[in-house]
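Shown next, in structure tokens, is the structure this report addresses.
What follows draws every value from the coordinates through simple rules; no lab data is involved. Here the structure is a predicted model, which is why all the values come from computation and not from measurement. Note that we place each Cβ from the backbone using ideal geometry, even for glycine, and neighbour counts take in every protein chain shown.
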Amino acid sequence: MIIRSKVRWLCRRGSLELDLILSRYLDRRYDHAPAEEQQSFQSLLGFADAELQRFFIAQEDPADPELLNLVRTIRSVASNIP
């Protein structure tokens with residue numbers, strides 16, 4: 001498990017849209033998520049920006065069911081703007 005400040009740094013991407021989506025998840029859900037979800041999120045941050053854009057901006061679903069659940073959770077958190 002990596003420290004939260006490093007996770008925040010890894011959320012900084014090449015596009016503002018991805019920055020906002022990933023940071024919103026980090027701020028609103030990450031700390032309360034189960035350890036497995038936190039680990040999956042950390043793994044997701046290793047994906048290339050182009051792939052993350054397909055998941056979150058183009059709304060393409062990943063083939064991996066575990067990753068799909070996380071992507072759907074992140075989309076949900078990102079779309080719930082107070």
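Each Cα pair under 8 Å and six or more residues apart adds its separation to the average, and for the chain the resulting relative contact order is 35 percent.
Computed over the chain with a Gaussian network model linking Cα atoms closer than 10 Å, the most mobile of Ser40, Ser23, Ser15 is Ser15.
Karplus-derived 3J(HN,Hα) values for region 26-42, using 6.51 cos²θ - 1.76 cosθ + 1.60 with θ = phi - 60°, are 4, 6, 9, 10, 3, 5, 9, 6, x, 4, 5, 5, 4, 5, 5, 5, 4 Hz; glycine and proline are entered as x. Sequentially through region 64-79, phi angles give Karplus couplings (6.51, -1.76, 1.60; θ = phi - 60°) of 6, x, 5, 5, 4, 4, 5, 4, 5, 5, 5, 4, 5, 4, 5, 7 Hz, Gly and Pro residues having no value and appearing as x.
In this rough spin-label picture, where each label sits 7 Å from Cα along the Cβ direction, the Asp19-Ser5 distance is 2.0 nm. Distance between the 7 Å Cα→Cβ label points at Asp49 and Glu66: 2.8 nm. One decimal place: the segment Ile57-Arg29 gains 8.1 nm when fully extended, by the rule 0.36 nm per residue minus the C-alpha distance.
In the chain, the DSSP-assigned H stretches of four residues or longer account for a calculated mean residue ellipticity at 222 nm of -20000 deg cm²/dmol, using -39500 (n - 2.57) per stretch and the full residue count as denominator. What shape does the chain take by its C-alpha gyration tensor, where a ≥ b ≥ c are the square roots of the eigenvalues and a/c under 1.5 counts as rounded, a/b above b/c as prolate, and the rest as oblate? Rounded.
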